[in-house]
Amino acid sequence: MHPVSELPGKPTSAAATTLSQIMTASETNLYGTVHGGVIMKFVDDVAAACAGRHSGGTALTVFMDEMLFLVPVRVGDLVHASAQVNWTGRTSMEVGVRVVAERWNESVPSTHVATAYLVFVAVDSDGKPRPVPEVLPESAIDRRRQAEAEIRREHRLARRAAIRRSREVEAEPERATDAASRG
Ligand SMILES: CC(C)(COP(=O)(O)OP(=O)(O)OC[C@H]1O[C@@H](n2cnc3c(N)ncnc32)[C@H](O)[C@@H]1OP(=O)(O)O)[C@@H](O)C(=O)NCCC(=O)NCCS
């Protein structure tokens, strides 16, 4: 169970944000398709706008949990990145971003090209974490995304705790050697 803020909750749609851009030759990599870093910045930009809108102020990216590239993006693609808050904790939020592309001058169905999940923390003017409103899912899809975000959160925390334990175990013999050498 995650802690719930005392602020009034906000529906998912209140902060949902979409950013669109036509990809040009200046965005390409050495293979002639659009550089993955360009898409990552695009994803971070739309997710930050969404997190800022939901939390009502500054929200910083703390974790890019997953960035899945499904299909290359090409020059001349009109790319749309849509972000929504999937889950909220006390001061953190998971934002999910779905990226689709369509040819800029053709009326054809869009292709799903990427998906990403990012964690943002809302901060005050001193850069300290501040509480965020609870996100209130409105549809079955929102509820599914919230449940899946909870699973990712549990995995993140478990992984962080396991790495900390592993480092402590590794550091133990070094501490013992240091103590022995000091006599
Ligand atoms: C964001 C920041 C202020 C958080 O500080 P902190 O001391 O880790 O704060 P806390 O330990 O109180 O954690 C705050 C929240 O972040 C979450 N969090 C912290 N590290 C996390 C991680 N690696 N993964 C997921 N969540 C994390 C905590 O779970 C907590 O969430 P909750 O309040 O909803 O339970 C600090 O990490 C920071 O300034 N980071 C730099 C962010 C930045 O500049 N981003 C732009 C990149 S260029």
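For residues in the stretch 33-51 being loosely packed, with under 15 Cβ neighbours inside 10 Å and within 14 Å of the ligand (Cβ to nearest atom), which is nearest to the chain's Cα centre (by Cα)? Please lay out each step first, then the result.
Applying the first criterion (loosely packed, with under 15 Cβ neighbours inside 10 Å) to the stretch 33-51 yields 36-37, 41.
Okay, now just the ones that are also within 14 Å of the ligand (Cβ to nearest atom), so 37, 41.
Details: 37: 15, 41: 11 Å.
Only one residue fits best here, namely 41.
Residue check, residue 73 against (1) within 16 Å of the ligand (Cβ to nearest atom); (2) of a type outside the set (Lys, Arg); (3) more than 11 Å from the chain's Cα centre (by Cα), all met but one. Which one?
The failed condition is (1).
Does residue 157 count as within 16 Å of the ligand (Cβ to nearest atom), part of a helix (DSSP H, G or I) and either of a type in the set (S, T, N, Q) or out of contact with any Pro (no Cβ under 6 Å at 6 or more places or on another chain) (or both)? Give the derivation first.
Values: within 16 Å of the ligand (Cβ to nearest atom): yes; part of a helix (DSSP H, G or I): yes; either of a type in the set (S, T, N, Q) or out of contact with any Pro (no Cβ under 6 Å at 6 or more places or on another chain) (or both): yes.
Taking the combined requirement at face value, the residue satisfies it.
Since residue 30 meets every condition but one in (1) more than 21 Å from residue 120 (Cβ to Cβ); (2) surrounded by 14 or more Cβ atoms within 10 Å (Cβ to Cβ); (3) at pLDDT below 95, which condition does it not meet?
Condition not satisfied by residue 30: (2).
Scan the stretch 15-27 for residues that are in a helix (DSSP H, G or I) and surrounded by 16 or more Cβ atoms within 10 Å (Cβ to Cβ) and report the count.
So in the stretch 15-27, the residues in a helix (DSSP H, G or I) come out as 25-27.
Pick out the ones that are also surrounded by 16 or more Cβ atoms within 10 Å (Cβ to Cβ) and you get 27.
Count: 1.
Would you point out which residue out of 127, 89 is more than 19 Å from residue 17 (Cα to Cα), within 11 Å of the ligand (Cβ to nearest atom) and in contact with a helix residue (DSSP H, G or I) (Cβ under 8 Å, 6 or more places away or on another chain)? Step through it out loud before you land on a result.
Numbers: 127 fails: in contact with a helix residue (DSSP H, G or I) (Cβ under 8 Å, 6 or more places away or on another chain).
After applying the criteria, what remains is 89.
Are there any pairs with C-beta distances below 9 angstrom linking a residue in the stretch 46-66 that is within 11 Å of residue 132 (Cα to Cα) to a residue that is within 10 Å of the ligand (Cβ to nearest atom) and in a helix (DSSP H, G or I), with the two at least 6 apart or on different chains, and if so which?
These pairs meet every condition: 59/48.
Read through the list (1) in contact (Cβ under 8 Å) with a residue 12 or more places away in the chain; (2) surrounded by fewer than 18 Cβ atoms within 10 Å (Cβ to Cβ); (3) more than 16 Å from the ligand (Cβ to nearest atom), then give the number of the only condition that residue 141 fails.
Exception for residue 141: condition (1).
A quick yes/no check of all residues on (1) of a type in the set (Ser, Thr, Tyr); (2) over 23 Å from residue 160 (Cα atoms); (3) surrounded by fewer than 23 Cβ atoms within 10 Å (Cβ to Cβ):
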position: 53; (1), (2), (3): no, yes, yes
position: 66; (1), (2), (3): no, no, yes
position: 76; (1), (2), (3): no, yes, yes
position: 82; (1), (2), (3): yes, yes, yes
position: 94; (1), (2), (3): no, no, no
position: 103; (1), (2), (3): no, yes, yes
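Report yes if some residue within the stretch 112-119 is touching a residue at least 60 places away in the same chain (Cβ under 8 Å), within 16 Å of the ligand (Cβ to nearest atom), surrounded by fewer than 17 Cβ atoms within 10 Å (Cβ to Cβ) and within 22 Å of residue 153 (Cβ to Cβ); otherwise report no.
no
The values are calculated or read from the model by the stated rules, or taken from the named source; none is laboratory data. All of these numbers come straight from a predicted model, not from anything done at the bench. We place every Cβ from the backbone using ideal geometry, glycine too, and count neighbours over all the protein chains shown.
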